[in-house]
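The values are calculated or read from the model by the stated rules, or taken from the named source; none is laboratory data. Every value quoted in this text rests on a predicted model; they were computed, and no experiment measured them. FYI the Cβ positions are ideal-geometry reconstructions off the backbone, even for glycines, and counts take in every protein chain you see. The accessibility values were calculated without ligands, DNA or RNA, using every heavy atom of the protein model including side chains. Shrake-Rupley method; radii C 1.70, N 1.55, O 1.52, S 1.80 Å.
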Amino acid sequence: KKKGLDLSAKEEIVPRAKIGVDGYIPKEFARKDYEKIHLYQRIDEASKESVLKKLEEEVIDRYGKIPDAVGLLFEKRRMEILAANTHVEEIREQPTEVEIIFKKDWCDKVDGVKLFETVSKISLDLKMRYTRGSIILRLPKKNGWLSLANETLEKIKNL
């Protein structure tokens, strides 16, 4: 039996985002419970985007096309990694939208015009506001919102 690579770079602790995502590993994808548990653990332990990407490639090699439900697990973890490695203070889930609140020290020094232009190019659904020294990015919870949030965090991480 072929063992998977150990890709769990444990040197960093990545906080968990408190967002409700219907991600799971279906029985048809990984039939044995221990395989599912191991995969859940490996996704959860990934602390870098490169590690998560390698794990995703390994899963595709081993099981084939990743179902949407499993893809959501990867996307949620990607969001947690991006949030930890960018300037995010908190991610709040509301019934119809998600708010990404940025750290005040970053908000004080970021080029607001460049941030606004970058966010506007990504989607007109993204809304920003400045409240009590923090920039809050709001996006509606509709299909693909998690990917949209990840794309946005990726593009603004180096501003």
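Close contacts from region 136-147, counting a first residue that is of a type in the set (Asp, Glu) and a second that is not in a strand (DSSP E or B), with Cβ to Cβ under 7 Å and a gap of 6+ residues or different chains, come to none at all. From the list Lys155, Lys114, the one residue that fits, being under 27 Å from Val51 (Cβ atoms), open to solvent by 70 Å² or more (accessible area, probe 1.4 Å), basic (Lys, Arg) and assigned to a helix (DSSP H, G or I), is Lys155.
Among the residues making up region 118-131, those that are in a helix (DSSP H, G or I) and loosely packed, with under 12 Cβ neighbours inside 10 Å are Ser120, Lys121. Residues that are open to solvent by 60 Å² or more (accessible area, probe 1.4 Å) and acidic (Asp, Glu) were ranked within region 50-80; the one that is farthest from the chain's Cα centre (by Cα) is Asp61.
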